[in-house]
Amino acid sequence: CRVSPYYEDDLVTLYHGDCREVTEWLAADVLVTDPPYGIDYRSNRTKHTVVARSIANDKDCSVRDAALLAWGDRPRIVFGSPGISDLDGVRLVWHKPGSGMGDLSMPWKPDYEFIYVRGGGFTGNRDTSVLTYPLRIFRGNLDHPHTKPVDLLERLLAKCPPGTVADPFAGSGSTLVAAKQLGRRAIGVELEERYCEIAAKRL
C-alpha cells in the first residue's frame with residue numbers, strides 16, 4: 001500500500017518511516033545522502049534544552065548498506081566517516097573548520113568527513129576535491145548533530161545528473177532544502193518523527 005507523505009509541496013516529498021520499508025525514494029534519479037556511519041554516535045552537549053543524544057540505527061552500517069544495495073549502481077553521493085571509510089567511489093573531502101574533537105592527546109583534530117561519488121552523469125567544470133564549508137550554528141544543528149551545510153549540498157547537487165534527488169536518511173532535511181532551492185524535485189525518508197518535523201518546518 002502507498003504511504004502518505006509526512007510533508008509535500010510542489011518539489012519535495014518527505015516520508016516518515018524506515019527507508020527499507022518506505023521505498024518511494026527508489027524511483028528517483030540520483031542519491032545524495034548522509035547515512036548512519038556505524039559509529040554509535042552520542043552527543044556530549046548538555047547546555048541546550050533540546051539536544052540530539054544519539055542517531056538511530058548507528059550501531060553498525062547494515063541499514064546504510066541495505067539502502068545502497070537497493071539503490072544499485074545508479075549515480076550517488078554518500079557522506080562517510082573517516083573512521084569507517086569502507087565505501088567505494090571517487091573520494092571527496094569536506095573540510096569543516098572549527099569542528100572536531102577526536103583524540104585530545106594528539107595535536108590534530110579530525111575536522112573533515114569523506115564524500116563518496118559513484119556512478120555516471122555528473123557534469124560541470126572540474127573542481128577541487130577538498131570542499132571547505134564551516135559548520136554553522138542554527139536550530140537544526142542543536143536538534144540534529146550531523147546537519148550538513150545547505151550551500152555544500154547545493155554545490156554537490158549542481159554537478160549531479162538531472163532528475164529527482166533521493167535522500168533516504170533525510171535527518172533535518174538539508175538535502176531536501178538544497179534541492180528545493182535549486183528548483184529540483186526531491187524525495188526524502190526519515191525514521192525519527194522529531195527530525196521530520198524539523199525538516200518540514202525548514203521546507
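Quick notes on this one:
- Sequence-distant aspartates and glutamates (8 or more away, or on other chains) whose Cα lies within less than 16 Å of Lys201: Glu8, Asp9, Asp10, Asp143, Glu190, Glu192, Glu193
- Amide H contacts of Val93 (H built 1.01 Å from N, under 5 Å, at least 5 apart or other chain): Ile115, Val130, Leu131
Here, each number is a calculation from the coordinates, and none is a lab measurement. Note that the structure is predicted; figures quoted are calculated from it, not measured.
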